[in-house]
Amino acid sequence: MENAFEYLAFSPPGWGGNLLRGLLSTIQIALGAYALGLMLGMGGALGKIYGGPVLRWTLEIYTTLIRAVPELVLILLLYYLGTDLLNTMLEKFGYERMDIDGLWAGIYVIGFVQGAYSTEVFRGAFNAVPSGQIEAARAVGMSSIKAHTRVVIPAMLPFALPGLANLWLITTKDTALLAVVGFSELALETKQAAGATKAYFMFYMAAAFLYLMLTIVSNFVFSYIERYYRRGQPVQG
Amino acid sequence: MEWYWLPEYLPKFAEGLWLTIQLLVLAITFGMAMAIPIGLVQVTGPRPLAWLAKGFCISIRGTPLLIQLWLIYYGVGSLFPSIPGIRESMLWPLLRDAFPYAVVAFSLSVAGYEGEVLRGAFRGVPKGELEAARAIGMSPLKVLFRVWLPRALQNVFPTIAGEFILTLKATPLAATITVFEVYGIGTIVRQETYRIYEPLLFVAAIYLCLTGVLVLFFRYLESRMPRRMAGAG
């Protein structure tokens, strides 16, 4: 056990470099997936509020199904479905079949799942904006789009931020599930390092520590952002 | 879509479903039993205990359950055989099996998340109610079980119900440490039949039903709870 810490060295007999590379791809996948999830969520929330019956029901099925089925099952389903669809399309347009790169596949599957959750967060936040503010914006002659970009969305953000911060933490932790599908990120790098050295306990502790640091740093960033967006609002609690 | 494999594997899925339910119920039971003291010491406990509980909650909530599961099964599990004489002890059959490790990991996870929820819930019970309970002569333990805990649970029940559903959706992770619950059986079917979508869709449908049943069950429980709030009439 006394050489256990040598395993964490950054250069090759040690696996520290691999873990840090894994952490980097975890952060990349999480950032990409979070961004995709936010875009889907914003679109989904606007669609649920202003859309016609067909769009509303489609979105309702999307959010309900995604939120009722385990992430692990969804990740596998979406991965196979995505590659199949992409390859069918590519063949139709006369291109070669291809394998999706792990990074992009991870971003797409996790982002698609996160989209369902952030749809609900945004929808709740939109509903929390007092209707008087929207009417006031329209009354001074703003178009519907301008009223949204200038008033509704900025007023909605403080309500959405706690939920969004939570979703970011869930996203970073969900990326670990990609290890089960075989995408290279922190969890898989750790598994390989632990398997090669048999120092299971130490490597999983090290990975847990890295994830914990990511969470703690994220918490600081989000509390800063929240303070910024809450400026000018009455203090709550 | 081909479903010819389904009748053959249906008994296995039933076993898997039973394992999923056992895992969920055990994790919730042990987890909540730990969550109550973890939440309580953060409100009333001595400083060091409160810090310990706080640190536990942060560590559990800040790391992926998959890593916790692997840490406990591969990490802690790999340390046991080095203890002399453990292979001959009565505990060994239990330590060799993956299911107890899954129960421990999921219980700790539930304890971490619910401990945090209960911390807020204990704090949210109005002081006057606790003072009233003490004033009519209840012992501290009786105050906890007759007034404080019931009132706290009542206030956060919807949150806790939501967390239990998240726990259900995390149970497939147990398949990664060879606990063959519903998702694990689905993996076996995929390997043996080379069908990609059908087993996954079937597994997804089972979880959809389980989630639905749980949601209805919690809604029923919630409707049974007395809701008397001062001023709300």
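The values are calculated or read from the model by the stated rules, or taken from the named source; none is laboratory data. This one's a predicted model, so the numbers in the text were calculated from it and none came from an experiment. All Cβ positions, even for glycine, are placed from backbone atoms using ideal geometry, and neighbour counts span all protein chains on display. Just so you know, the surface numbers come from the protein's heavy atoms only, side chains and all, with ligands and any DNA or RNA stripped out. Shrake-Rupley method; radii C 1.70, N 1.55, O 1.52, S 1.80 Å.
Checking every one of the trypsin sites (Lys or Arg not before Pro) in the stretch B:151-233 against DSSP loop status and a limit of 12 other Cβ atoms within 10 Å picks out B:R227, B:R228.
For the residues A:L72, A:L81, B:L40, a 1.4 Å probe over the protein chains yields an accessible-area ranking, largest first, of A:L81, B:L40, A:L72.
Computed over the alpha-carbon pairs of the protein assembly as shown, the distance histogram in 20 Å steps reads 20, 54, 25, 2, 0 percent, short to long. How much of A:E60 can a 1.4 Å solvent probe reach, expressed as accessible area in Å² and rounded to 10? The value for A:E60 is about 80 Å². Extending 7 Å from the Cα toward the beta-carbon at both B:V215 and B:V25 defines two label points whose distance is 2.3 nm. Pairs A:K198/B:K169; A:K146/A:K173; A:K92/B:K12; B:K127/B:K169; A:K92/A:K173: which are spaced more than 32 Å apart, C-alpha to C-alpha? Result: A:K146/A:K173; A:K92/B:K12; B:K127/B:K169; A:K92/A:K173 exceed 32 Å. Over chain B, dividing the summed -39,500 (n - 2.57) contributions of all DSSP H runs of at least 4 residues by the number of residues returns a 222 nm mean residue ellipticity of -24000 deg cm²/dmol.
Among the chymotrypsin sites (Phe, Trp or Tyr not before Pro) in the stretch A:26-94, those placed in a DSSP loop whose Cβ has at most 12 other Cβ atoms within 10 Å are A:F93.
Between the beta carbons of A:N127 and A:K198, assuming R0 = 56 Å, the FRET efficiency works out to 0.55 to the nearest 0.05.
Taking square-rooted eigenvalues a ≥ b ≥ c of the alpha carbon gyration tensor, is chain B rounded, prolate or oblate, where a/c under 1.5 means rounded and, failing that, a/b exceeding b/c means prolate? Note, shape of chain B comes out oblate. Counting Cβ atoms of other protein chains within 10 Å of each Cβ in A:171-177 and taking the mean gives 4. Across the protein chains, with a 1.4 Å probe defining accessible surface, the residues B:V213, B:V182 rank B:V213, B:V182 from largest area downward.
The heavy atoms of B:I86 present about 20 square angstrom of accessible area, all protein chains included, probe 1.4 Å. Quote the accessible area belonging to A:T149 in square angstrom, nearest 10, computed with a 1.4 Å probe and with ligands, DNA and RNA left uncounted. Roll a 1.4 Å probe over it and A:T149 shows about 90 Å².
Using the charge dipole of the protein assembly as shown (Lys, Arg: +1 at Cβ; Asp, Glu: -1 at Cβ; taken about the Cα centre), state which of A:T58, B:P7, A:Y228 has its Cα farthest towards the positive end. Most positive-ward Cα: A:Y228.
In whole angstrom, the stretch B:146-233 maps to an equivalent ellipsoid with semi-axes of 39, 14, 7, each derived as √(5λ) from the alpha carbon gyration tensor and ordered largest first.
For the pair A:I225 and A:E135, the difference between a 0.36 nm per residue extended length and the Cα-Cα distance amounts to 29.6 nm. Computed with a 1.4 angstrom probe on protein heavy atoms, the A-B interface buries about 2900 square angstrom of accessible area in total.
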